[in-house]
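Readers should treat all values here as calculations from the given coordinates under stated rules, not as data from a laboratory. Just so it is clear, the model here is predicted, and its values are computed rather than measured. A quick note on method: Cβ atoms are made from the backbone with ideal geometry, for glycine too, and the neighbour counts reach across all protein chains shown.
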Amino acid sequence: MNMQKIAAFAVTLGAFGSLAAPALAWTVPGTFNQPGNILIADQFNNRVIEIDKKGEIVWSWGLGPHDFSANSALGVNDTERVGQDTLMAATGIPPKVDPFCKKGCPDNRVMLVDPGGNIVWQYGQFGVSGSGPNELDAPVQATWTPNKTVYITDQSNQRIIEVDMKNNILWQYGTTGVAGSGFDELNSPNSAELLDNGNILIADEGNNRVIEVDKATKNVVATFTAQGTLNGPAFASLLPSGQILIADGGNNRVIAVDKSDNVKFQYVTNAQAGSNPNPAPSQAVKTMKGDIVISDQFNDRVIVINMAQKLLAQYGTLDVAGYGTTSAQQGLFAPYATKVIGDYTGLTPP
């Protein structure tokens, strides 16, 4: 994590006093939830925004980078649209990252928020870190399933849990509080996806691997390491082609590997002039058209590329953190996750 950069931007914001911020949630009439719009987990701006293809903000939830209340999604790491509601994983802000939140500001909620900004479902408690009933510790990702359950990647608890709408834990992979690589063990997991065959695909970040787990037996049935080169994979998705698309954050790249673990596609996000040397891309999803949308985290941007590696669109300014209330081009702050509404080729569609 680029802590010096984050702290410097926070100080810059503080020097100008409180910035004008939107209401808790707002929409631009006629533009909300349109297919092709993009949802962004704008991590250290403590908000989720929906933008149109021009980058204009058409929906927002959260009060901005200096709000550390339950009215914002602190350190939000993931988001996806569920009907007209928005699922988001509010991870929290680590200690020593933001000088206005020196001891850290935990959030630890996974929330389903309606268009008006009301929380209609929640698992976890704001500001509470734990592993008991209705408790999480750094939930970094959440996936909605067709069964109206949610897979939560509960990173610091070293587990993936499946939770229903009554907040019952229906299934768990990973031994709570135990970091490891053995049977039923994970090390700082970062994402989970339910596959059509019922198995779970997990980006096991601290173990530098992506694994496919048999849900019934908890046996690992496939392991992907890009021939031993993965370094902190932050997100993985099984594509209809059978390839696995991976945000390989520690190597500053997005790759696709085949079933034999061979790298078939690679895009490096720090090669552009002016790039942060270590942007740590944190999520990549492929659209039905075949383009790839990348959360280029510490380059403070979301980009769209095609399979020929041509840059088609950029939201945010390369390696410049920013904040604005009308357009993503006013700035993003370490965006962690991005989904295109109505267009996602992973096998657990939002």
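Sort Glu80, Glu162 so that the residue with the fewest other Cβ atoms within 10 Å of its own Cβ comes first and the one with the most comes last. Walk me through the intermediate numbers first.
Working: Glu80 26, Glu162 21.
Starting with the residue having the fewest Cβ neighbours, the order is Glu162, Glu80.
What are the principal axis extents of the Cα atoms in the chain, in Å, biggest first?
Here the Cα extents, ordered largest to smallest, are 54, 47, 40 Å.
Taking the Cβ of each residue in Asp98, Asp164 as the centre, tally the other Cβ atoms inside 10 Å and list the residues starting with the fewest. Working shown, then result.
Values: Asp98 26, Asp164 14.
Exposure proxy ranking, most exposed first: Asp164, Asp98.
Based on alpha-carbon atoms only, what is the radius of gyration of the range 143-248 relative to the globular estimate 2.2 N^0.38 Å?
Output field value: 0.99.
Between the range 289-324 and the range 36-82, how far is it from one alpha carbon centroid to the other, in angstrom?
Using only Cα atoms to place each centre, the spacing works out to 16 Å.
When you count, for each residue, the other Cβ atoms within 10 Å and take the mean per peptide, how do 190-196, 39-45 rank with the highest first? Could you put the intermediate results ahead of the total?
Details: 190-196: 22.4, 39-45: 28.7.
Per-residue Cβ counts within 10 Å, averaged per peptide and sorted highest first, yield 39-45, 190-196.
Fewest Cβ neighbours within 10 Å first, please rank Leu312, Leu112 accordingly.
Going from sparsest to densest Cβ surroundings: Leu312, Leu112.
Using +1 at the C-beta of Lys and Arg and -1 at the C-beta of Asp and Glu, which of Thr176, Thr338, Gln314 has the Cα lying farthest in the positive direction of the dipole of the chain?
Gln314
Residue separation times 0.36 nm, minus the C-alpha to C-alpha distance between Ser260 and Val221: what's the value?
Gain on stretching Ser260 to Val221: 12.7 nm.
So how much slack lies between Ser69 and Trp26, counting 0.36 nm per residue of separation and subtracting their Cα-Cα distance, in nm?
On the way: separation 43, 0.36 × 43 = 15.48 nm, distance 1.78 nm.
So the chain would gain 13.7 nm between Ser69 and Trp26.
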